[in-house]
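In what follows, a structure is listed as structure tokens, so that the remarks can point back to it.
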Amino acid sequence: MAAEPKAATEEAKVDLFEDDDEFEEFEINEEWEDKEEGKQVTQQWEDDWDDDDVNDDFSLQLRRELENNTEKN
Amino acid sequence: MEEAYRRITEYLNRFSDAVSSQDGASLSSLLSLSSNHPFLLSLADSLILFQDASRVFKQSERFSQYSEIITHLFRSLQNYRLGNLVDAYQAFEKSANAFIQEFRNWESASAWALEALYVLAYEIRVLAERADRELTSNGKAPEKLKAAGSFLMKVFGVLAGKGPKRVGALYVTCQLFKVYFKLGTVHLCRSVIRSIETARIFDFEEFPKRDKVTYMYYTGRLEVFNENFPSADHKLSYALMHCNPRREANIRMILKYLIPVKLSMGILPKDWLLEKYNLVEYRDVVQALKRGDLRLLRHALQEHEDRFLRSGVYLVLEKLELQVYQRLVKKIYIIQKQKDPTKAHQVKLEVIVKALKWLEMDMDVDEVECIMAILIYKNLVKGYFAHKSKVVVLSKQDPFPKLNGKPIES
């Protein structure tokens, strides 16, 4: 991203006020259609990720740990 | 010398023509120092050469009414060209003050000169930033950006009343936000926000889209700082929805704040989003939530600590820990259920302690009991303690309520 290296070089001047995330200025007469692509970017969220699947690597390791422990007990 | 004289006169003519024909776009281009337009640069050279330019326009009736604006603007332009940015700022502020005096007279019927006012508001801010840089490098205290903030407040006052010029108030508000965020005086945003949001005479939707998007981005960030997540979600989602899709840097900035807000309400971004906008610092955080992996969450926060602290989302992300605990206990529960469905809803604290030990978190049973108490209190777990036997008895119905886009109860 273009904004990143700029922010990094200005970082050196310690006394200066900074906001790393200053919104880029739109042109005064900048026009755009926000219907199509705007929707694409707003549809990239999941709210049903919290499933009951325990077959991923992490869960398998967790299972092994818990089973180990019960044997020891 | 003749050439210099010609250039100065040409500028004066253009200025006066723009005003008399109410041509906002032409007027704007005459005020835009930072555009470094060849016309303005050669004018600046002519002014340096000519020394006493005010003689030219004081002779003429036609230009005299703008002499305040132009005298200071010329001085600013000369200093700008010579690289004296503090002097350039000071003269520019004087010119801008004279401009808003005139502006009050011009636009009673229509808002044609708004565009020029936008340019002034933008120019004064970026010039102030550069002047402050000059001051700091000379070992002096930066103060011009603060002064630009006061000037912009004045401009806001001129626009915020009734009438067609009110449509310009949001542009100035956005310039003020940029000043206040840079100075770290964001509490000053409050009074302008109140003025924008309580106005019954003007519907927010009537403001230009570019200003609405910028406004929602900044007010959304403020809501993140205030940990008002539903409102932050609303504002940042609005900005995301309406931002120019070609402005990828802006979309990335919106997401930088929207992602932690969504995460705090149990909603995850898809990988596509993190890849496309290069927000990989959130990848492990998302993974940690999905897995219930407290170790990964801690590592992700450590690895990007600096970045998260600078943008002010560190505390928001730190609080995701509770959701990760919830996920981990849920996984333990599911694993137990597969082994022995009848006893699955009884989770021994000892078992959780062991899972945590595996994740390199040293906690004893009492500490785990405390964490579980918090999860129950926050409604992330439904159940109760069998204190003596050190067991959490989970509710048989919906033991791990989902957040479903709501923040954790406090």
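For this structure, a couple of remarks:
- Within the range B:200-238, considering residues that are in contact with a helix residue (DSSP H, G or I) (Cβ under 8 Å, 6 or more places away or on another chain) and within 17 Å of B:Lys162 (Cβ to Cβ), the one nearest to the other protein chains (Cβ to nearest Cβ): B:Phe207
- Residues in the range B:1-45 that are part of a helix (DSSP H, G or I) and either closer than 23 Å to B:Ile124 by Cα or among the aromatic types (Phe, Trp, Tyr) (or both): 28 in all.
- Complete set of residues in the range B:266-278 that are out of contact with any helix residue (DSSP H, G or I) (no Cβ under 6 Å at 6 or more places or on another chain) and either part of a loop (DSSP other than H, G, I, E, B) or in contact (Cβ under 8 Å) with a residue 12 or more places away in the chain (or both): B:Gly266, B:Ile267, B:Lys270, B:Asp271, B:Leu273, B:Asn278
- Looking across B:Ile332, B:Ile374, one residue alone is assigned to a helix (DSSP H, G or I), hydrophobic (A, V, I, L, M, F, W, C), buried (at least 20 other Cβ atoms within 10 Å of the Cβ) and not assigned by TED's automatic domain parsing to the domain that holds B:Asn278. It is B:Ile332.
- Subset of the range B:46-70 that is more than 15 Å from B:Glu3 (Cα to Cα) and part of a loop (DSSP other than H, G, I, E, B) - its residue that is nearest to the chain's Cα centre (by Cα): B:Tyr66
- Residues that are outside any helix (DSSP H, G or I) and away from chain A (no Cβ under 12 Å) within the range B:119-176 comprise B:Ala160, B:Gly161, B:Lys162, B:Gly163, listed in sequence order.
- Residues of the range B:385-398 satisfying the condition of being exposed (fewer than 13 other Cβ atoms within 10 Å of the Cβ) and closer than 15 Å to B:Val329 by Cα: B:Lys396, B:Asp398
- Hits in the range B:71-99 (condition: hydrophobic (A, V, I, L, M, F, W, C) and under 27 Å from the mean Cα position of the chain (by Cα)): B:Leu85, B:Val86, B:Phe92, B:Ala96
The values are calculated or read from the model by the stated rules, or taken from the named source; none is laboratory data. Note that the coordinates shown come from a computational prediction; the quantities given were computed from them, not determined experimentally. Neighbour counts run over all protein chains shown; Cβ positions are idealised from the backbone, glycine included.
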